Amino acid sequence: GAVVSQHPSRVICKSGTSVKIECRSLDFQATTMFWYRQFPKQSLMLMATSNEGSKATYEQGVEKDKFLINHASLTLSTLTVTSAHPEDSSFYICSAYGTGDSPLHFGNGTRLTVT
Amino acid sequence: GIQVEQSPPDLILQEGANSTLRCNFSDSVNNLQWFHQNPWGQLINLFYIPSGTKQNGRLSATTVATERYSLLYISSSQTTDSGVYFCAVEKGVQGGSEKLVFGKGTKLTVNP
């Protein structure tokens, strides 16, 4: 079945630094990928839709300049949290549909802690 | 936008018990998925079920699209079933590039 790989699984960084998270579709091409954020004990909230070869579509309230998304190929989307602050600490998860009539598959997530 | 409500929010079971989790949604959908999020955060796709009934081992799901709800049944629960169960729906084209909207989840705790 479709496999989505996300890296790193966990990252700790200092306030003010930038962190890049990678999301890869391993056995299929994904023209669209989705980035979600999950705060502790809460549900998943969609941040943005990543489109291959074009600009990402951000959900209302998500800062485009803070959460930079690049979808440069059919198998890779990246999310960069720029100038991270402690309030950005969260669980970030990417996802993509497989080919054909396929459900949405998720990566294993990245737990970001900003100190 | 579409609203997704899950019930109950919390559920505690004794090992071996059966349970039913419910997902109500406010509009017609082309996609509905049930996920299990384990304690490490990993989301496991349980069912892709925009309509009808499916079974996978001790788990089964039924979606009644015309009445805008879905049920997840867990039989003979085990401690490894513990975690949060999410229902997510998509209003757009089936299998397409529309976003999934998640419910708030049901936190299941199965005690030995």
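The values are calculated or read from the model by the stated rules, or taken from the named source; none is laboratory data. What you see is a predicted model, and the numbers here were worked out from it, not measured in a lab. Ideal geometry is used to build each Cβ from the backbone, glycine not excepted, and the neighbour counts take in all protein chains shown.
In table form, for the structure just shown:
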{"quantity": "Residues of region B:16-55 that turn out to be free of Cβ contacts under 8 Å to residues at least 60 places away in the same chain and among the small types (Gly, Ala, Ser), as a count", "calculated": "4"}
{"quantity": "Pairs with Cβ under 6 Å, 6+ apart, first in region A:58-73 and free of Cβ contacts under 8 Å to residues at least 24 places away in the same chain, second aromatic (Phe, Trp, Tyr)", "calculated": "A:Lys64/A:Tyr58"}
{"quantity": "Criterion (within 14 Å of chain B (Cβ to nearest Cβ) and either touching a Ser or Thr at 6+ places or on another chain (Cβ under 8 Å) or modelled with pLDDT of 95 or more (or both)) met by exactly one of A:Leu68, A:Leu104", "calculated": "A:Leu104"}
{"quantity": "Lone unmet requirement of (1) surrounded by 18 or more Cβ atoms within 10 Å (Cβ to Cβ); (2) closer than 20 Å to A:His105 by Cα for B:Gln42", "calculated": "(1)"}
{"quantity": "Number of the condition not met by B:Ser77 [criteria: (1) more than 13 Å from A:Pro103 (Cα to Cα); (2) of a type outside the set (Asp, Glu); (3) assigned to a strand (DSSP E or B); (4) in contact (Cβ under 8 Å) with a residue 60 or more places away in the chain]", "calculated": "(3)"}
{"quantity": "Residue in region B:78-100 that is of a type in the set (Ser, Thr, Tyr), within 14 Å of another protein chain (Cβ to nearest Cβ), under 18 Å from A:Asn108 (Cα atoms) and in contact with a Lys or Arg (Cβ under 9 Å, 6 or more places away or on another chain) present", "calculated": "yes"}
{"quantity": "Number of positions in region B:34-71 that are under 30 Å from A:Ser90 (Cα atoms), assigned to a strand (DSSP E or B) and touching a Ser or Thr at 6+ places or on another chain (Cβ under 7 Å)", "calculated": "2"}
{"quantity": "Out of A:Gly53, A:Gly16, sole residue that is more than 9 Å from chain B (Cβ to nearest Cβ), free of Cβ contacts under 8 Å to residues at least 60 places away in the same chain, surrounded by fewer than 18 Cβ atoms within 10 Å (Cβ to Cβ) and part of a loop (DSSP other than H, G, I, E, B)", "calculated": "A:Gly53"}
